[in-house]
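What follows is a set of notes on a single structure, which appears directly below.
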Amino acid sequence: MLGDKHETRVKKLRVATASLAGCFGCHMSFLDLDERLLPLLDVIELDSSPLTDIKHCGPCDLGLVEGGLCNSENVYKLRELRASCKILVAVGACAINGGLPAQRNHIDIRDCLQSVYLSGRGTERGFIPNDPELPLPLAKVHPLHDVVKIDYFLAGCPPSADAFFQFLTDLLAGRTPEPVHGLLRYD
């Protein structure tokens with residue numbers, strides 16, 4: 001009963017999420033948990049996340065990171081999450097192997113920037129941006145494990161809502177999350 005002196009409060013699992021170089025599809029798939037989100041929110045608390053708009057990660061039990069690393073800001077955010085989260089999970093193909101953003105890896109970064117800003121369609125009198133507010137692009141797109149230690153990999157493009165649910169259920173129950181191949185999808 002709420003307000004009862006003998007009420008035992010269960011410590012919620014603090015969860016941070018981040019979207020780096022990707023399409024935000026993994027977060028959308030997480031939201032596809034639909035009605036399963038409500039009981040889940042009884043046992044987890046969201047910290048830094050695009051879903052909460054909290055910008056800096058506090059101490060967390062779990063970090064779920066989608067997207068690869070394509071610029072200096074991505075690397076900074078990933079390192080912040082690794083330092084703040086006890087468990088860090090690479091979520092989706094972009095986080096695990098670079099995904100679609102890594103398609104630019106076979107093009108020299110200078111050629112890529114020139115094509116986008118100087119010689120591509122709609123680039124009349126274009127210029128390559130050089131503003132301190134813009135993060136510096138990396139020469140290649142990298143998966144998360146190239147920069148920090150990753151504890152778990154939740155595969156898929158995006159992982160299904162069922163895969164998220166199974167992963168979180170296992171973790172909350174104290175079990176080691178295992179990939180369930182019937183739940184993997186690559187849309």
Among strands (runs of 3 or more DSSP E) entirely within the stretch 17-79, at least 1 residues that are surrounded by 15 or more Cβ atoms within 10 Å (Cβ to Cβ) and either at pLDDT below 95 or among the aromatic types (Phe, Trp, Tyr) (or both) occur in 44-46
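Here's the yes/no breakdown for (1) under 13 Å from the mean Cα position of the chain (by Cα); (2) under 26 Å from residue 173 (Cβ atoms):
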position: 22; (1), (2): yes, no
position: 40; (1), (2): no, yes
position: 45; (1), (2): no, yes
position: 76; (1), (2): no, no
position: 100; (1), (2): no, no
Applying the selection to the stretch 48-60, what residues are under 24 Å from residue 101 (Cα atoms), touching a residue at least 24 places away in the same chain (Cβ under 8 Å) and not small (Gly, Ala, Ser)? 50, 51
Can you name the number of the only condition in (1) farther than 19 Å from residue 136 by Cβ; (2) touching a residue at least 60 places away in the same chain (Cβ under 8 Å) that residue 63 fails? (2)
Give the residue that is farthest from the chain's Cα centre (by Cα), with candidates limited to residues of the stretch 78-90 that are within 20 Å of residue 13 (Cβ to Cβ) and among the aliphatic types (A, V, I, L, M). 83
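The values are calculated or read from the model by the stated rules, or taken from the named source; none is laboratory data. Every value quoted in this text rests on a predicted model; they were computed, and no experiment measured them. All Cβ positions, glycine included, derive from the backbone under ideal geometry; neighbour counts span all protein chains shown.
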